[in-house]
Each structure stands twice: as structure tokens, then as C-alpha cells.
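To start, the structure under review is shown below, and the notes come after it.
The values are calculated or read from the model by the stated rules, or taken from the named source; none is laboratory data. The structure presented is a predicted model; accordingly, all values stated were derived computationally and were not measured. Note: ideal-geometry Cβ built from the backbone for every residue, glycine included; neighbour counts use all protein chains shown.
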Amino acid sequence: MLILAKAAMAMMLGFILAIASGLVFIPLLKKFHIGQNVSREINKRHLVKEGTPTMGGIIFIFPVILSLILLYINKSIELSYNLGILIFVFLAYAVLGGVDDFLKVKFKNNAGLSIVTKFLIQMIIALIFFYFFMISGGSSTLQFTALNLVIPLGWMFGIFILFLLVGTTNAVNITDGLDGLATGLSAIAFLAYGIISWNCGWLEGYQEIAIFCFLTVGALLGFLVYNSHPAHVFMGDLGSLSLGGALATIAILTRHELSLAIIGGVFVIETLSSFIQIIGIRKFNHKVFLKAPLHHHFEELKWSESDIVKLFYVVGLLLAMAAITYGVWL
């Protein structure tokens, strides 16, 4: 029961602080004209969102960090090595995304950082994470527990981590195309990893990592109050990159790397739809989807934005429950 109480407390704390943060930060974003530039290439319904405040990821990032500080001061949590790694990745990707958002707003376009620059910085963050992960005694093996199979990767594990971190951050970013979509799916994913983390008693700081997850769930639900359709603020790259980086980090630390493909199944599907579309156009001069990523395909089929988001939520929740069942129970 204590675990449930701590989880409920963390979600409540994250939620309340996110609601309060929204009341402070949204007016500030409006005051400094930090608004979204909407691409003319997507569905015309999105043109009404032009100028909506962006960089709203601060509304859930700030509460999570503030909550951890308050809990540490209150001696409710301990600052473990693994929690330190997680916070570093969370904030490092937030800074990267924030710089990208700032450049987009400053030059009033959607260019931001170049793809090469963004990838290089993402790679540097991943390499720093890999270094600290390995010197802490992290294993460079990949486990398929369903098949009772352990594969030693050695230095290749660094490439795997790079792929996982960069892939997940960009997958969440790609999914952030409809009001509340990436927010709700991320909340579901963090809830799943919170439950999984609390089952990893062998991991140093496993309770703190679980509390981080539950704080993030609460903060995302608070942010969803402002981000659900019609959105009053967008998370921007500042939010999406930080969420993706944190999810990948937790998956690696808890040694549930492969479950990320299930828990974040909708993110994977969204990303694959974009890749398939690019290949179809460049190699075969043919569109597979009316528009990519997949949520825009449904928009072109005249689905309402809210119906698309609800469908994706249901799929995300079912996948997360399946991963929890396997990762914790079976």
C-alpha cells in the first residue's frame, strides 16, 4: 500500500504544480510572442493554430524537477546515481529542444537547428549517457527474457543506446502533431515504466526512478488541461525531446529496452509511417498514406482531431498494459 500511496502522491504533486505552472508560463509565452509557426503543407484545419504559444514543455519539466528537489529536501527520496543520469538526459534534451524552438520562433519558420547539428548533439548526449552508464557497472548485454536469451553486444551496445535515445526522442517529436496526442501517449508510457521500475528492486535508486515516472505522469496530465483540443499551448521540441530521452533512459536503466517498442508502440507506428511514406515517394514515386505521419492520414480521411487522439490513446494503453503484464507479472 505504501507504494500506491507514494505513486498517488507523486502524480498529485506533479499535477498540481503543472496546473500552477501553466497559469504562470502561458501568459509569459504570449507576452514574449513565443508562438507556433504552422506549416502550410499539413491539413488546412491546423492554420487556426498559428501563433499558439509553444515551448510549453516547461509546464511539465519545471514541476518534475521542482518536485524532486522538494522531495529530496523533505528526505522523501534519495539522490541516487541512476536518478542523476536520468535527470541529466531529461534536461539535456530539453535544452536542445528549447534551442531548436527558440530559433524557429526567432526566424519565424520551422527550420530551427539543422538536421546534422541536432543529430550530432543528440549523439553527444547519448555518448555521455553511455559513458556514465558503463562506469556505474552497467551491462552491455541485450536480454530476450521470453526466449531466455542473452546477447553480449560489447561496444555495439553503445550504438544500440545511441539508436534508442535518438530514435525515441524523434519518435515522440514526430507524434506531437495533434492537440494532446504526444502528451497523453507519453503519460501512458511513463505510467507503465513507473510500474515496471518499482518492480526492479535490484536497481540502485529504482524507487526514485519510479517516483520520477509518476511525477511526470501527473505533470503531463496537468499539462493536458492546457494542451487538449483546442490546445492553448504546445509542448514544442523542448517537451517532446525531453520526454523521448527520459523514456529511452528509463528503458535502458531498468533493462527493459525491448519493451519500449511495445509501450511506445504508437510512437513506433507513427515514425514507421513517415519512413514508409518517404521511401514510397522517393523510390516508387507513390504515396502509401494520404499524408504522413499516420495521424495526418486519418485527418485526410476527415476524422476529427479528437477522435484520432482517442483512438491512439486506446491503442497506446492496450500496448502499455500488455508490456506491464509481461514485464512485471509473467
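Values for this structure:
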read-out: Boolean, I276 is buried (at least 18 other Cβ atoms within 10 Å of the Cβ) and at pLDDT 95 or above; value: no
read-out: Test set (1) touching a residue at least 40 places away in the same chain (Cβ under 8 Å); (2) in contact with a helix residue (DSSP H, G or I) (Cβ under 6 Å, 6 or more places away or on another chain); (3) within 21 Å of T183 (Cβ to Cβ); (4) among the hydroxyl-bearing types (S, T, Y) - S306 fails condition number; value: (2)
read-out: Selection status of T254, in contact (Cβ under 8 Å) with a residue 40 or more places away in the chain, among the β-branched types (V, I, T) and touching a Leu at 6+ places or on another chain (Cβ under 7 Å); value: yes
read-out: Residue identified as in a loop (DSSP other than H, G, I, E, B), closer than 21 Å to I61 by Cβ and among the aliphatic types (A, V, I, L, M) among V225, V233; value: V233
read-out: Complete set of residues in region 133-183 that are part of a helix (DSSP H, G or I) and small (G, A, S); value: A146, G158, G167, A171, A182
read-out: Given (1) outside any helix (DSSP H, G or I); (2) among the hydrophobic types (A, V, I, L, M, F, W, C); (3) modelled with pLDDT under 95, index of the condition M55 fails; value: (3)
read-out: Criterion: of a type outside the set (D, E), assigned to a loop (DSSP other than H, G, I, E, B) and touching a residue at least 24 places away in the same chain (Cβ under 8 Å) - qualifying residue of L66, L29, L79; value: L79
read-out: Long-range neighbours under 6 Å by Cβ, at least six apart or interchain, first residue in contact (Cβ under 8 Å) with a residue 12 or more places away in the chain and farther than 14 Å from L220 by Cα within region 168-184, second of a type in the set (D, E, K, R) and assigned to a helix (DSSP H, G or I); value: I174/E270; T175/E270; L178/E305
read-out: Residues of region 271-303 classified as more than 24 Å from A187 (Cβ to Cβ) and either of a type outside the set (A, V, I, L, M) or out of contact with any helix residue (DSSP H, G or I) (no Cβ under 9 Å at 6 or more places or on another chain) (or both), total; value: 18
read-out: Filter pass, I121 being within 19 Å of R255 (Cα to Cα), in contact with a helix residue (DSSP H, G or I) (Cβ under 6 Å, 6 or more places away or on another chain) and assigned to a helix (DSSP H, G or I); value: no
read-out: Subset of region 223-271 that is surrounded by fewer than 19 Cβ atoms within 10 Å (Cβ to Cβ) and small (G, A, S) - its residue that is farthest from A20 (Cα to Cα); value: A261
read-out: Residue within region 11-23 that is at pLDDT 95 or above, surrounded by 11 or more Cβ atoms within 10 Å (Cβ to Cβ) and polar (S, T, N, Q) present; value: yes
read-out: Leading residue by the ranking (surrounded by the most Cβ atoms within 10 Å (Cβ to Cβ)) among those in region 73-130 that are among the polar types (S, T, N, Q) and more than 17 Å from the chain's Cα centre (by Cα); value: N82
read-out: Residues of region 135-149 that turn out to be out of contact with any Gly (no Cβ under 8 Å at 6 or more places or on another chain) and closer than 24 Å to Y81 by Cβ, as a count; value: 8
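Condition check ((1) in contact with a His (Cβ under 7 Å, 6 or more places away or on another chain); (2) modelled with pLDDT of 95 or more) across all residues:
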| position | (1), (2) |
| --- | --- |
| M156 | no, no |
| D179 | yes, yes |
| G184 | no, yes |
| A187 | no, yes |
